[in-house]
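To start, the structure itself, in structure tokens.
Computed from the coordinates by the stated procedures, all read-outs in this text should not be read as laboratory data. Just so it is clear, the structure is predicted and the values come from calculations on it, not from any experiment. Methodologically, a virtual Cβ is constructed for each residue, glycine included, from the backbone with ideal geometry; neighbour enumeration extends over all protein chains shown.
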Amino acid sequence: MSTPTVHPVRVVDRVVLPVHRVDTWLESWRTDYVPGATARGLRDPHVWRSHHDPDSVELHITWELAGIYEFYGMRGAAAADPAVARFWADTDAIALHRQRDVLALEEDR
């Protein structure tokens, strides 16, 4: 019997912010969010910027988790941490749009 291959899970956060809020939001993200996120198993964040329109920037942040079980563990830990809810509530107060997509390869059959 073969062991199924476990594929990493990718998390893609897209946050559209007014141009004048991007740098302060990123600083807050790095100091207030990233340490807890890495403790919850999110790893290797990459940040890309794209100009959404003349007055806003869309940040694309990609993360990786070891597999689907780690994803659900991260979700449970995030739900139990009031700092996570506070960070995203503060983000929602200034963001023009926010979206999180979770991507995983289909498991081998």
Handout entry: Cα-based helix-to-principal-axis angle, 82-94 vs the chain, degrees rounded to 10
Key = 40 degrees
Problem - Max mean-square fluctuation residue, GNM over the chain, Cα-Cα springs under 10 Å, options W63, W48, W25 - result: W48
Exercise for the section: Can you tell me the 0 to 90 degree angle between the C-alpha axis of helix 68-79 and the longest principal axis of the chain, rounded to 10? Expected result: 40 degrees
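Could you compute the net charge surrounding T31? Neighbours are other residues with a C-beta less than 14 Å from the C-beta of T31; K and R count +1, D and E count -1. Please list the in-between numbers first.
Working: positive: R30, R86; negative: D23, E27, D32, D90.
Residues near T31 contribute -2 overall.
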Practice task
Give me the percent of Cα-Cα pairs in segment 9-104 that sit more than 20 Å apart, rounded to a whole number.
Solution key: 34 percent
Completion exercise
Dipole check, the chain, charges on Cβ (K,R +1; D,E -1), about Cα centroid: among H20, I61, A37 the Cα furthest to the positive pole belongs to A37
Problem - Rounded to the nearest 20 debye, dipole of the chain from Cβ charges on Lys, Arg, Asp, Glu - result: 160 debye
Completion exercise
Across all Cα atoms of segment 16-57, Rg and the largest Cα-Cα distance (Dmax), in Å, are 12.1, 36
